[in-house]
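For reference, the structure discussed in these notes is given below.
The values are calculated or read from the model by the stated rules, or taken from the named source; none is laboratory data. Because the structure is predicted, anything quoted here is derived from the model rather than measured. Neighbour counts are summed over all protein chains in view; Cβ atoms, including those assigned to glycine, are modelled from backbone coordinates with ideal geometry. The accessibility values were calculated without ligands, DNA or RNA, using every heavy atom of the protein model including side chains. Shrake-Rupley method; radii C 1.70, N 1.55, O 1.52, S 1.80 Å.
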Amino acid sequence: MKLKELKGWQKVFAFTFMQTIKGKSILISTLIMCLVTAFAFPLMQSLTGQGDISLKKLYIQNETSYNLDKMEEYVKNTEGFEKVKVVVSSENQKSLEEKLKKNEMIIRISQEQTGFILKHIKSKDSGIKQVELANISTQMSSIFTKALTEGLGIDKEQVDYMNAPIETSVEVANKEGEVKQEQEDLLSEVEYNAFFAVAFATMMFIMLSSEVIANSIITEKSTRVIEYLIISVRPLAIIFGKILASLCVTCLQLLSVGVFALISKSVSSLLSKGEDVNVSNALAAVGELKESFITPSSVVIGILVLLLGFLFFATIAAMSGASISKVEESAEGMKIISILLVIGVYLGLGMAMTAKSGGELGMIGYLSCLLPIASPFSVPFLLIVGKIKVGLAIASVAILLVSQLLLSFLVSNVYEGMILHRGERLKIKDILGMAKQKKGKRGGEVNE
Amino acid sequence: MSLQVKNLVKKYGDTTVLNHLNFEMKEPGVYALLGTNGAGKTTSLRIILGMLSYDEGEVLWQGKPMNALECKVGYLAEERGLYPKYSLMDQLIYFAKLKNMTKDQAMKEIKYWAERLEVEEYLFPEKVKGKKQKNKNADQLSKGNQQKIQLMAALLSDPEILVLDEPLSGLDPVNSDLFKSIIREEMKKRKYLIMSSHQMPTIEEFCSDVTILKRGNTVLQGNLNEIKKSYGRVNMFVKCEEDIRSYIDAFGFTLVKETPGEYQIKVTGEEEATKFLKKLVEENINLIRFELREPSLHEIFVEKVGGNDEA
């Protein structure tokens, strides 16, 4: 493999990029993704009942023997409840219920032997949605607790003291009597959920790019355009140009989705008058990141692993595309890349599950960090959240680099034969057979 | 300037698909590579174009190893290839850019060839109600028009070497004549053309030198006129009203083909043919047509590669 074999990749890149983004399928899929994203936040807001609440008037009926006078004040001071008219009522239950109008509610607090009951009563046509009711209920419980403790004469300091976090640890004693502290889980619940989101997003990114590359090569092969191309540029330049083009197209798609997500979030925020949307645990994890782990080196290595992983899968996609001769067989051609991606992601998920229930990375964890099909899903995330050492990440980069070089070497040996092959889909053993064949010389090469 | 192909060998595993192919084009002109399907023609063309690697031999252009990426080469493949869903203009500009042309140069050439090949309406559609129309995609064109676009792509960079693999297949007579006129123009421009075709009359029309391949081996090579001369005038065609089969048998000639009143005969030499004619005249045979000629390329081809040669 020589660098001059890449000559002309820029022209392939420019053409592939422009034609791909002009393509109806890309435009439509991007538009659909953007629209879904655009509606995601308002929809989430509507489903979770966040934003303006429809409750206008709230009656509080205290049937306990405790002083809950502060409840009225606390409700009015609660975010989102500022405009709710609060009435502390001692009226007869039935007559109060009969008075209930639209957007009105009664909170009836009673006391039983087992504890307190906060009964929420609304009229049939109250207009208060179930999700909003759940939100009101949560808020009321907390307001009630606060008012009750104050009513009981417990001051803030005492409350804080009672609510102080309690840390637990487990120590394990062995037969020799040595006591070792049991390790904390490597991944917290939030990190675990965030890993899921990141791994699937990475998989989607790689899958989309791989499809663009494979389809582009299948089209050129099935239409015989490839014969015109390879009299002007070498096959490696074609692959390289295509891989970069698909990377850019996918980045552009993700960027568009990201922009739409930001706009959607801002609009939702404006509509809900500054209230933020509860996005997901994945974003919550970002808040948990300790700044000390986000160093320039960890970011660079993380990006490097992602890019090398993308390149690795993209090269396999190019070979998969070149292994078939008919557009109808494209799904068959993509099978191998789908299998590898699924194995890679599942290894990552296996690592996450192990790390969530133990303090160590474990065998699956190391495999997911070192195997080229899995490391792009695991290493960047684990590095950024500080769960693996830089040494392991560098080892992952080295393995990815060596794998990529070996793959490129294989591609440079077999790609010529593959793209000119017509007929049945080439299987892995056929490709390896091609690689074993003695490579001849080509026009312009000096006789050996 | 010359194009030399020396001892070219191509193997796939243990199978030799091209066995020591040699030919030389000392002067510009049209060289024909002939053979049945699977004889190694397309493989030879692909090797010359640098698409395929080879195991032995060399291809020299102007005395130096030929690198298709560095010299001006045009190629019209046997199976036409265009992106079906991309605009024709975009594709042509792309092909031109791959040949190191600028966009302006490409546009100038595209305009010229669009006019010459009568495909302007697809590349430069007229405005409708003052609105600019999109140029067509390949899948909106007929097979013949796609072929024209392909030829255009091959000619855009004004190549010094033009490789045409079955250039006239699938064309109607009008477009076939159009392609032939362009080939003649390229010949006048002193280009080096290598042509592969199964249409023997076309080869005879354009090519001075030929190589006939059979399963990768060269079975006949040289100047077409000299090859024909070497066979001599042994093909006799007689049209008459009487049955002359007894005379043919008496002279020991081979009856190749017989239709009512027409006889195609292989003779042993010109002298015997003359004697045969005299005999027919003496016997008062009512002759309508008598022709003695060299074998056609078609006949030579069938003789050399005929039989069970289909791959």
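Of the conditions (1) over 28 Å from A:Tyr66 (Cα atoms); (2) assigned by TED's automatic domain parsing to the domain that holds A:Lys70, A:Ile166 fails just one. Which one is it?
All conditions pass for A:Ile166, except number (2).
How about the range A:215-238: which of its residues are open to solvent by 10 Å² or more (accessible area, probe 1.4 Å) and out of contact with any strand residue (DSSP E or B) (no Cβ under 8 Å at 6 or more places or on another chain)? Full working, then the answer.
Residues of the range A:215-238 that are open to solvent by 10 Å² or more (accessible area, probe 1.4 Å), as a first pass: A:215-216, A:219, A:222-224, A:228, A:232, A:234-236.
Across the range A:215-238, the qualifying residues are A:Asn215, A:Ser216, A:Thr219, A:Ser222, A:Thr223, A:Arg224, A:Ser232, A:Arg234, A:Pro235, A:Leu236.
Of these, B:Gly57, B:Gly13, B:Gly29, which one is under 21 Å from the mean Cα position of the chain (by Cα) and open to solvent by 10 Å² or more (accessible area, probe 1.4 Å)? Explain how you work it out, then say what you get.
Working: B:Gly57 fails: under 21 Å from the mean Cα position of the chain (by Cα); B:Gly13 fails: under 21 Å from the mean Cα position of the chain (by Cα).
Only one candidate qualifies: B:Gly29.
Against the condition modelled with pLDDT under 80, more than 14 Å from chain B (Cβ to nearest Cβ) and assigned to a loop (DSSP other than H, G, I, E, B), how does A:Glu360 come out, does it pass? Quick ask: steps written out before the conclusion?
On the way: modelled with pLDDT under 80: yes; more than 14 Å from chain B (Cβ to nearest Cβ): yes; assigned to a loop (DSSP other than H, G, I, E, B): yes.
Criteria met by A:Glu360.
Return the total of residues in the range B:50-65 being in a strand (DSSP E or B) and within 7 Å of chain A (Cβ to nearest Cβ). Full working, then the answer.
Taking the range B:50-65 and keeping what is in a strand (DSSP E or B), we get B:54, B:56-61, B:64-65.
Imposing the further condition that a residue be within 7 Å of chain A (Cβ to nearest Cβ) reduces the set to B:54, B:58-59, B:65.
So the answer is 4.
What tally of residues in the range B:81-96 results from selecting those that are in a loop (DSSP other than H, G, I, E, B) and more than 7 Å from every other protein chain (Cβ to nearest Cβ)?
Number satisfying all stated conditions: 1.
Is there any pair with a first residue in the range B:27-41 that is touching a residue at least 12 places away in the same chain (Cβ under 8 Å) and over 22 Å from B:Arg184 (Cα atoms) and a second that is assigned to a loop (DSSP other than H, G, I, E, B) and open to solvent by less than 10 Å² (accessible area, probe 1.4 Å) whose Cβ atoms are under 6 Å apart and which are 6 or more apart or on different chains, and what are they?
Pairs that qualify, where the first residue is touching a residue at least 12 places away in the same chain (Cβ under 8 Å) and over 22 Å from B:Arg184 (Cα atoms) and the partner is assigned to a loop (DSSP other than H, G, I, E, B) and open to solvent by less than 10 Å² (accessible area, probe 1.4 Å), are B:Thr36/B:Asp309; B:Gly40/B:Gly216.
Report every pair of residues separated by at least 6 positions or lying on different chains whose Cβ atoms are under 8 Å apart, first residue within the range A:17-40 and within 15 Å of A:Thr219 (Cα to Cα) and within 14 Å of another protein chain (Cβ to nearest Cβ), second open to solvent by 100 Å² or more (accessible area, probe 1.4 Å) and among the basic types (Lys, Arg).
What qualifies is A:Gly23/B:Lys85.
Just a yes or no: is a residue in the range B:268-279 of a type in the set (Ser, Thr, Tyr) and part of a helix (DSSP H, G or I)?
Step one: list which residues in the range B:268-279 are of a type in the set (Ser, Thr, Tyr), which gives B:268, B:274.
Next, only the ones that are part of a helix (DSSP H, G or I) stay: B:274.
Yes, the conditions are met somewhere in the range B:268-279.
Looking at B:Ile47, is it surrounded by 15 or more Cβ atoms within 10 Å (Cβ to Cβ), within 12 Å of another protein chain (Cβ to nearest Cβ), at pLDDT 90 or above and within 24 Å of the chain's Cα centre (by Cα)? Give the derivation first.
Values: surrounded by 15 or more Cβ atoms within 10 Å (Cβ to Cβ): yes; within 12 Å of another protein chain (Cβ to nearest Cβ): yes; at pLDDT 90 or above: yes; within 24 Å of the chain's Cα centre (by Cα): yes.
Spelling it out, B:Ile47 is indeed surrounded by 15 or more Cβ atoms within 10 Å (Cβ to Cβ), within 12 Å of another protein chain (Cβ to nearest Cβ), at pLDDT 90 or above and within 24 Å of the chain's Cα centre (by Cα).
How many residues does the range A:114-159 contain that are of a type in the set (Gly, Ala, Ser), assigned to a helix (DSSP H, G or I) and free of Cβ contacts under 8 Å to residues at least 60 places away in the same chain? Break it down into steps so the answer makes sense when it comes.
Going residue by residue through the range A:114-159, those that are of a type in the set (Gly, Ala, Ser) are A:115, A:123, A:126-127, A:134, A:137, A:141-142, A:147, A:151, A:153.
Now narrow it down to the ones that are assigned to a helix (DSSP H, G or I): A:134, A:137, A:141-142, A:147, A:151.
Remaining after also requiring free of Cβ contacts under 8 Å to residues at least 60 places away in the same chain: A:137, A:141-142.
Looking only at that region, the number is 3.
What number of residues in the range B:97-106 are among the charged types (D, E, K, R) and either within 7 Å of another protein chain (Cβ to nearest Cβ) or touching a residue at least 60 places away in the same chain (Cβ under 8 Å) (or both)? First the steps, then the outcome.
Looking only at the range B:97-106, we keep the residues that are among the charged types (D, E, K, R), and these are B:97, B:99, B:103-104.
Next cut, either within 7 Å of another protein chain (Cβ to nearest Cβ) or touching a residue at least 60 places away in the same chain (Cβ under 8 Å) (or both) only: B:97, B:99.
Residues meeting the conditions: 2.
Across the range B:23-35, what is the total count of residues that are in contact with a Phe, Trp or Tyr (Cβ under 9 Å, 6 or more places away or on another chain) and not in a strand (DSSP E or B)?
2
May I ask you to verify whether B:Val210 is under 20 Å from B:Lys266 (Cα atoms) and crowded, with 20+ Cβ neighbours inside 10 Å?
On the way: under 20 Å from B:Lys266 (Cα atoms): no; crowded, with 20+ Cβ neighbours inside 10 Å: yes.
For B:Val210, the condition - under 20 Å from B:Lys266 (Cα atoms) and crowded, with 20+ Cβ neighbours inside 10 Å - is not met.
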